[in-house]
1. Could you tell me which of the residues A:Val170, A:Val192 is facing chain B (nearest Cβ under 8 Å) and either surrounded by fewer than 24 Cβ atoms within 10 Å (Cβ to Cβ) or outside any helix (DSSP H, G or I) (or both)?
2. Just to be sure I understand the filter: pairs with C-beta atoms under 7 Å, separated by 6 or more residues or on different chains, first member in region B:430-452 and under 25 Å from B:Leu153 (Cβ atoms), second member in a loop (DSSP other than H, G, I, E, B) and among the β-branched types (Val, Ile, Thr). Which pairs pass?
3. Restricting region A:46-65 to residues that are of a type in the set (Gly, Ala, Ser) and closer than 28 Å to A:Leu88 by Cα, which is farthest from the other protein chains (Cβ to nearest Cβ)?
4. Which number in (1) among the basic types (Lys, Arg); (2) buried (at least 19 other Cβ atoms within 10 Å of the Cβ); (3) modelled with pLDDT under 90 marks the one condition that B:Arg352 misses?
5. When you scan region B:5-100 for helices (runs of 4 or more DSSP H) that lie fully inside it, which ones turn up with 1 or more residues that are touching a helix residue (DSSP H, G or I) at 6+ places or on another chain (Cβ under 6 Å), among the acidic types (Asp, Glu) and more than 30 Å from B:Pro382 (Cα to Cα)?
6. Would you check if there is a residue in region B:176-188 being within 13 Å of chain A (Cβ to nearest Cβ) and not small (Gly, Ala, Ser)?
7. Of these, B:Leu302, B:Leu370, B:Leu363, B:Leu356, which one is assigned to a helix (DSSP H, G or I), more than 28 Å from B:Gly433 (Cα to Cα) and without any contact (Cβ under 8 Å) to a residue 60 or more places away in the chain?
8. So, B:Met485, is that one modelled with pLDDT of 80 or more, open to solvent by 10 Å² or more (accessible area, probe 1.4 Å) and within 14 Å of another protein chain (Cβ to nearest Cβ) or not?
Amino acid sequence: MKTPIIASGFALLASTAMAQDSVLIVYTYDSFVSDWGPGPQIEAAFEETCACDLQFVGAGDGAALLARLFLEGAQTGADVVLGLDTNLIASARAMDLIAPHGIAAETLTMPISWDDPQFLPYDWGYFAFVHGTDLENPPSNFRDLADGDLRIVIQDPRSSTPGLGLLMWVQSAYGDEAASIWEGLADNIVTVTPGWSEAYGLYLEGEADMVLSYTTSPAYHLIAEEDDSHTVAAFEEGHYMQVEVAGIVNISNEMELARQFMEFMLTPAFQEVIPTTNWMYPAALPAENLPAGFETLIMPETPLLLSPEDAQAVRVQALDEWQAALSQ
Amino acid sequence: MASRAQPISAVQRAGAAIAALVLLAVLGPLAAVLWRAESLTGLGPADIAAIRFTIWQAFLSAAFSIVLAIPVARALARRSFPGRAALIALMGAPFILPVIVAVLGLITIFGRRGVLNEGLAALGLSGLEIYGLHGVVLAHVFFNLPLAVRLFLQGWLAIPAERFRLAATLGFTPRDIARHMERPMLRQVAPGAFLVIFLICTTSFAVALILGGGPRATTVELAIYQAFRYEFDLGRAAMLGLVQVGICVVAGLLVLRVAVPAAMGTGLDRPMERFDRQTTLQRAGDWLAITLAAVFLLMPLLAVLLRGVGGILTLPGSVWVAAERSVLLSLATAALAVALALPMALLIARGRARGLLETIGALSIAVSPLVIGTGLFLILRPYVNPASSALPVTGLVNALAALPFLLRALVPAIEAAEAGYGPLADSLGLSGGQRLRHVLLPRIRRPLGFGAGLAAAMSMGDLGVITLFAAPQAGTLPLEMFRLMGAYRTDDAEAAALVLLVLSLLLFWIFDRGGRANAAT
C-alpha cells in the first residue's frame, strides 16, 4: 500500500520530478502548502539535496491532519506527518503510527528543552492577545483582563488548535482556579470562532479590542505591511507555547529518506523559510538570524507548556469547565 | 393528478433510480463512518443541548425567512420598474456567498463599528449587539431570504396572467385576490421552502458559532466536528449524523403534509400584466418592502465590493487559476444537479410516494457535509488517490447539496404544467421525451434556469469537502480565499471574495437569464 498511486490530473501536472525518483509524501496542514506558506520554498530546497520528489499533501488544519491520519490508519500514504502541536501529540502517539526519529537535535534554539523520541519540533510560538497600539492600559494578566471591560475574541477549543492552546494556557497558569478565570472572562468574550482566521478577521474589523493569536502576529503587519499599529499584551503568568512538530510514519517504505527530511528540517535551508512564511519562530535558528522586525516582538520570561501526556489528561475536564463557564 | 392512469415512462424509472442513488450517496457515507466506528456512542447532555439549540434556531430562521419573503415577493411580482431584473438577481447573492464573507459583510453593517451602530451613536442612542441567538437568526435570514423570495416570486409568476385579467373583470378586491389566487399558491410553495431553509440551517456551523457568541450556540454540526477532529469518536459522529437524518425525516413528513398542489388552471403563457386596481397604501407598502429588503440584502454586499475592489489587480496568480478551476467545477456541478433533479422532479410531480421522495431529496442538505465527506473518503480511499478525486467528489457533493433547491423550484412548475396540459397531452398520446420537450420544458424553463444557476453559484461559493481531499495545487476559489485569510493576507482575501461574488453572480445570472429568454418578466 506504500506505493503511492500516481496522482492524475493537476497533481501530475504540478510534479516535475522524474518518475524513477523516490517519492517522499509529507502530510501537513493546508496553510503550509499554499503559495505563500513555507511549502514551495522548502520543497525546492530539499529536492536539490535529495534526488527525490517531495510531495506535500495539505489537509485542513493540525487537527484535521491528525484526523486524516486516524482515518487512514495502517493504510496511510504518508511518510512524514508535519504540523501537529504538543496538545495533539498524545493522540497521535496513541495511534501507534510514528517511529522513533533517532535524531540528536542538538541545534534546537527553543526556550525549553526537548527530548521527545518520536516528534521533532520545526517551529514554535507564544500564544498572546494581540491589540492595537492605541489601546490604553492593556491588561498584564488574566485577572486584570477578567476584571476589566475589554472585548476579546477567542477560538473554540473544540474546533481550533489556538483555542485549545488558550484552554491549556489558563489551565497551566491557574490549575484548579482555571474555572473561576473563565467565569471572569465570560463577559469579556464577544464571541468564539471556529478557527483562527475568523477571529483575526473580526479583530481587524474592530469587533474586539483584543484577539487570541501569537506574539509573532505583529511581525506580519510590521514586515509585510509596514504597519506598526499592532502589538501584544505581555502577561505576567507567562505565555503558553505552541510547538509544532513532525514525525516519521513507522510503516513508511522511505524510512531513510524520511529521516533525511527530518534532519533537513533542522537546517538553515528549512528554518530560515519559517519566520516570514509561517510567521512563527524557527525551532533551530539563533535569534540573530531572524529577519529584521522580529527583534521588536516581546519575549515572555516564563514559557508555559504542558507535556503532551498532561495536556491530554486535563483536556476533557478543562473543556467541561470552559463550556460551563461560558454557557452561563 | 395523483391517480392518473399512465404507463410508467423511462423518465420516471430514471427518477426512481436516481432517488435510490441519492439515498445511497447520502446514507452510504454515513454507514461507512458507522462501519468504521463499529459501535454508536450514546449522546451526552451537551449533545442534547446542541440538538435542542440547533432545531430552535433553524425553526426561527426558517420562519422569519418565509414570513418576511412573502411581502417582498408579492411586491416584486406586482410592481415593474427599471432595473427590476437586476435587483432580483443581485438580491439573490447572499445565498451563494461563502459564510465568512457574508458574516464579515454583515458585521460591516450590524457590528460594533458598523453603519447601524455608528448611526445610533450619532443619534445618541445606545448600540446594538449582534452576538446572540438574534444574530444567528439575522444571518440565516440574510442568507435564506433571497431563496424564499425567489421561490415565492416564481409561484406568483406561475399564476396565469389570464387569472388576473379575470379577477379584474369580476371586480376582485385585493382581499379576494389574496384569498382565491395568492393563498393557494403560498400553500403550495411555502411548506417546501420552509423545509429546505429549516434543514440548511440545521447544518449551520460557522454562522451559529461566530454570531451566537460562544458555546451557548453549539450546534450539532460543531459537535460532529469535535468528534471527528479532536476525539476521534466516529461512533459519536455517526450517532449525530443519524440524529440529523431523523430531524430531516420528521420535519419532511410534518411539513410536506401541509403542502397542497395549487389548482390554478392554465393560461396562455402570456407575460403577467396586473389589471387589478391597487390602493395607494398597497403601492406604498410594496415599495417599503422592496426598499427594506434591498437595503438589508445589498448593503453587506456593497461592503464586500468596496473592500475587495482595491486589491483585485494585485491578486496572486494562484487565485485566478483557482477561479478558473472553480468555474469549470461549478458548470459540471450544475449539469449534474439538473440531470439528477429533473427525473426526480418529474416522478414527484406524478404524486407517487411524494413525501418519501422529497425527503430523500432534502437529505443531502440535512446530513453534515463533514459526515458525507468523511464517509466518502473512507469509501473511496482504498481505490483512488484522495488528491486526484478531490474535484470530482466536491462536484458530486455540491450537486447533491443543490438537489433540494432544484426540486423546490421544479416540482411546483411541473405540477402546474401537468395539471393544465396533462390531459391534453394524454389525449394526444404524448409521453416520455416528446411530452418533456413539447409540454413540460417550455413551461419549466424559468425554474430550470434558476435552479441550474443556483447549483452553479452554490458550488462556486462552497468550501465543502475539498479540505478533506485537496491536493495543494488543486484548490478552489473559496479554499484559496480561506488560505489567504489564514495567512494574514486580509486585503488579498477580500479581493478574492469579491472575485468569488462576481463570478457566482455572473454564473447565476447567465443560467437564470437563459431560463427567462423571451419572457417579459
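1. None of the other options fit; the residue is A:Val192.
2. From residues that are under 25 Å from B:Leu153 (Cβ atoms), there are no pairs.
3. Only one residue tops the list, namely A:Gly62.
4. All conditions are met except number (2).
5. Passing ranges, in order: B:45-78.
6. No - not one qualifying residue is present in region B:176-188.
7. Among B:Leu302, B:Leu370, B:Leu363, B:Leu356, only B:Leu302 is assigned to a helix (DSSP H, G or I), more than 28 Å from B:Gly433 (Cα to Cα) and without any contact (Cβ under 8 Å) to a residue 60 or more places away in the chain.
8. Here the answer is yes, as B:Met485 does meet what is asked.
The values are calculated or read from the model by the stated rules, or taken from the named source; none is laboratory data. Remember, predicted model here, so these are calculated numbers, not experimental data. When we count neighbours, we look across all protein chains shown, and the Cβ atoms used for this are built from the backbone with ideal geometry, even at glycine. What goes into the accessible areas is simple: the full protein's heavy atoms, side chains included, and nothing from ligands, DNA or RNA. Shrake-Rupley method; radii C 1.70, N 1.55, O 1.52, S 1.80 Å.
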